[in-house]
Amino acid sequence: MKNKNKILILRKKINNINKDIITLLYERNLICKKIAKEKIKIKHPIKDKKREKNIFKKIISQGKKYKLKKKYLKKIFKIIIHHSIKIQKKEFKKKKLK
């Protein structure tokens, strides 16, 4: 019974971390929309290969501190970046429709 309680406590901590991750992803999405609006103003392209390269370099470096595998981080951030690009494309389309 004691071990089961430990598992429940640990699962509660994971649930809280999941909630934090979701909140941070939401905040990131809001910022992506703002970035898209700024890019529209200055006629900057949506995709920025140099920026993406720097992002991956930073996350891999930061991940090393926590012994997180490069492949794991790349996979997660490819999805996040892909979604950010979709958000920005949506904002560009909205602007074109106006």
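Descriptive notes on the structure:
- Listing of helices (runs of 4 or more DSSP H) fully contained in the chain that carry 2 or more residues being modelled with pLDDT under 95 and among the polar types (S, T, N, Q): 2-42
- Among residues of segment 62-89 that are within 16 Å of Arg51 (Cα to Cα) and β-branched (Val, Ile, Thr), those with a beta-carbon under 9 Å from a residue that is in a helix (DSSP H, G or I) and open to solvent by less than 50 Å² (accessible area, probe 1.4 Å) at least six positions away or on a different chain give the pairs Ile81/Glu52; Ile81/Ile55; Ile81/Phe56; Ile85/Cys32.
- Count - residues of segment 77-98 that are open to solvent by 60 Å² or more (accessible area, probe 1.4 Å), within 14 Å of Arg28 (Cβ to Cβ) and among the aliphatic types (A, V, I, L, M): 1
The values are calculated or read from the model by the stated rules, or taken from the named source; none is laboratory data. Just so it is clear, the model here is predicted, and its values are computed rather than measured. A quick note on method: Cβ atoms are made from the backbone with ideal geometry, for glycine too, and the neighbour counts reach across all protein chains shown. Each accessible area value is taken on the protein alone, full model and side chains, heavy atoms only, with ligands, DNA and RNA left out. Shrake-Rupley method; radii C 1.70, N 1.55, O 1.52, S 1.80 Å.
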